[in-house]
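Report on one structure; see the data block that follows.
Every number in this text was worked out from the coordinates using simple rules, so none of it is lab data. Small disclaimer: the values here were computed from a predicted structure and weren't measured. When we count neighbours, we look across all protein chains shown, and the Cβ atoms used for this are built from the backbone with ideal geometry, even at glycine.
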Amino acid sequence: LSFDLPSWLQRHIPGGRTTSSGWYRARCVFHNETSPSFAVKVTGNRPGSFGCLAASCGRKGGLVRLIKEVEGISWAEAFQRIDQPNPFALDDVAVSDQVVRAPRATVNPLPAGLVPVSAERYPTYLRDRRYALEDVAPHGLLFGDGACPTLRGYLVFPYWTIDGQYRTYSARRMGDDGRGPRHLKPDEGLANAMLYGAWRIAALPRLDRLYCVEGQFDVLRMWSLGLPAVGLSTASTTAAQRNQVVEIARQFDADVVVLLDRGASEDQSSAEIASLLRARGVRAESASLPEGVKDPDGLDAASVKLLLDIGNERALEQPMEQTEGSGVQGAQDD
Ligand SMILES: [Zn+2]
């Protein structure tokens, strides 16, 4: 790593001193104070982790956030400072895919006779909804093309645990020819205990913000836009699902943004989930979709940039006001 944290600290947060336990102590850069409440870890695990000990401030986070917020730059620029790929880059989604490992083991067997979604077997349904093969393939989606009679014509979403063990699946009928129900969930209880797509998160080198969305297609769309996300099976969470969100947030020291579909009850549910997560010590906020987008699945590169700008301008506290405010667009230009 070419990034030199001690000299960066001297330059940007001058006047501090490094303690024998390896923390740089200085006056807080986020609030006015005379005694040094601000601490940045210089040695050991996760250097750059920071926190303000003043109860009225309490700002904290990891290295990338420190650089970003102190220098007032974008996520992309902050990742450049430390020579790391930006997992949030909108035009460089392949970066996040490079670090994704394949799921390891299967506990329950997947139904036999399914084939991986491929260029040759690419359901029109996906093509019509602008899902590229490279959006879909890393999620290990499968297609029932004949050898598995109960799942013929269905797209199958396998659910893996965070450490890559297969548990169950859900399936969506691809054609609208009326054969069989639109959705299949052989074990809904199990699906409600899991976060769809969580195993991909575990493989990331770093994660500053985790999006919790509703459903599997929203997860695909968010990842395709460079935004790591996990999917809830419904517009609410079970304790098991919240436990996993908390685990991921702690592991990465990440913020969590709950982003359900647009609607009054969904907004209320988003707020409730965020509040339950905050009660567990996670920095969590609910967010509303940009105007004109009903569902995260409807996001594209332009509207998701608006969403990111909203977050980066710390408008997550008041998402409703900010989505209609002026000056949100163009706040960041990368
Ligand atoms: Zn402070």
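Assorted remarks:
- Peptides ranked, highest mean first, by Cβ atoms within 10 Å: ranges 29-38, 277-286: 277-286, 29-38
- Length gained on full extension, Ser21 to Glu272, computed as 0.36 nm times the residue gap minus the Cα-Cα distance: 86.4 nm.
- Placed amide H near Tyr159: partners under 5 Å, 5+ positions off or other chain: Arg167, Thr168, Tyr169, Ser170
- For peptides 294-301, 20-27, 227-234, sequence by mean Cβ density within 10 Å, most packed first: 227-234, 294-301, 20-27
- Across segment 116-132, coupling constants 3J(HN,Hα) worked out from phi with the 6.51/-1.76/1.60 Karplus curve, θ = phi - 60°, read x, 5, 9, 4, 6, 10, 10, x, 4, 3, 6, 4, 4, 9, 6, 8, 7 Hz, and Gly and Pro carry x.
- Net charge over other residues, Cβ less than 11 angstrom from the Cβ of Thr237 (K, R count +1; D, E count -1): -1
- Cut-off under 5 Å, modelled amide H: who pairs with Arg59 long-range: Cys52
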